[in-house]
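Chemist: Here you go, one structure.
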Amino acid sequence: MKLFGKKPAPDGARSQHNRANGAADDKATHRVTLDLSRAQDLAAMLASSRASRFVEITDLLAGLYLYEWDRLSVYWPEEGREDVEEMMREICRISPQRWNYWIQLYDTRRKESEPKPAWKRLTKSKNGNADAPAPVPSARLQNLFHIAEKISPFRDPRRNTEKGGQNANPLPVLTSECVLLCIAKFMSTDAGKKLHQSGLNIEQLEKAVIDPKRSPLR
């Protein structure tokens with residue numbers, strides 16, 4: 001698992017990530033690992049592609065599938081993973097062709113967000129929707145994050161201090177496993193029910209969420 005603090009995102013990517021969490025950095029209620037942040041970026045792109053104002057739980061699940069499947073697939077029996085992948089694509093409405101499309105588009109957007117030489121910054125953007133407001137988490141997705149904040153055992157000790165040098169309470173750190181567990185176990189949605197019935201090893205996933213050896217702070 002990649003550490004959330006080791007590789008700071010560019011300003012543009014950081015702003016998009018803050019919007020995806022529905023709060024400015026100074027009002028954030030949690031931190032996320034780098035892997036989960038990238039899955040959220042994909043989720044926001046999926047929501048934008050259908051001109052939605054909101055990022056839904058299925059968008060985030062799609063982001064986890066697109067970006068994290070190789071790692072998260074271990075929580076399903078090996079012999080049934082192809083069927084699970086088909087189910088995930090059905091839930092998230094992603095064909096194999098669209099899978100390749102979104103990965104390529106995400107990679108392009110990520111490269112575009114990296115710092116550029118001054119002469120490149122002067123070129124006109126070809127994206128006519130660059131100034132369109134980014135979609136924000138839906139009420140259900142916000143509720144999902146709220147639950148994940150409660151069950152995550154990890155806290156970020158580096159939260160900004162209050163004026164006068166008083167330390168603020170450290171923010172919970174969310175991982176992809178933590179979010180997947182919340183979707184499957186704590187959310188009353190069709191996606192959650194299908195995940196729960198798909199052979200997902202909830203007990204193994206719960207252990208991974210609280211395992212100190214898997215701490216994103218290590």
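Chemist: Could you pull out every residue, at least 5 positions away or on a different chain, whose amide H is within less than 5 Å of the one on V32? Hs are placed 1.01 Å off N in the peptide plane, and Pro or chain starts have none.
Modeler: For V32, the qualifying residues are L174.
Chemist: Report the label-to-label distance for K111 and S52 in nanometres (one decimal), using points 7 Å from each Cα along the Cα→Cβ vector.
Modeler: Distance between the two pseudo-spin positions: 2.8 nm.
Chemist: Amide H neighbours of D156 under 5 Å, counting only residues 5+ apart in sequence or on other chains, H built in-plane at 1.01 Å?
Modeler: L171, V173
Chemist: Any chance you could check the Cα centroid distance between region 134-149 and region 53-93 for me, in angstrom?
Modeler: 18
Chemist: Okay, moving on. How far apart, in nm, are the 7 Å Cα→Cβ label points at H146 and N169?
Modeler: About 1.4 nm, to one decimal.
Chemist: At a Cα cut-off below 20 Å, give the aspartates and glutamates reachable from K27, other chains included and same-chain residues fewer than 8 away excluded.
Modeler: Partners within reach: D11, D41, E149, D156, E162.
Chemist: Please compute the modelled spin-label separation between R93 and F186, points set 7 Å along Cα→Cβ, answer in nm with one decimal.
Modeler: 2.7
Quick note: the coordinates plus some simple rules give every number you see, no bench work behind them. Quick caveat: nothing in here was measured; it's all calculated off a predicted structure. Cβ atoms come from the backbone with ideal geometry, glycine included; neighbour counts cover every protein chain shown.
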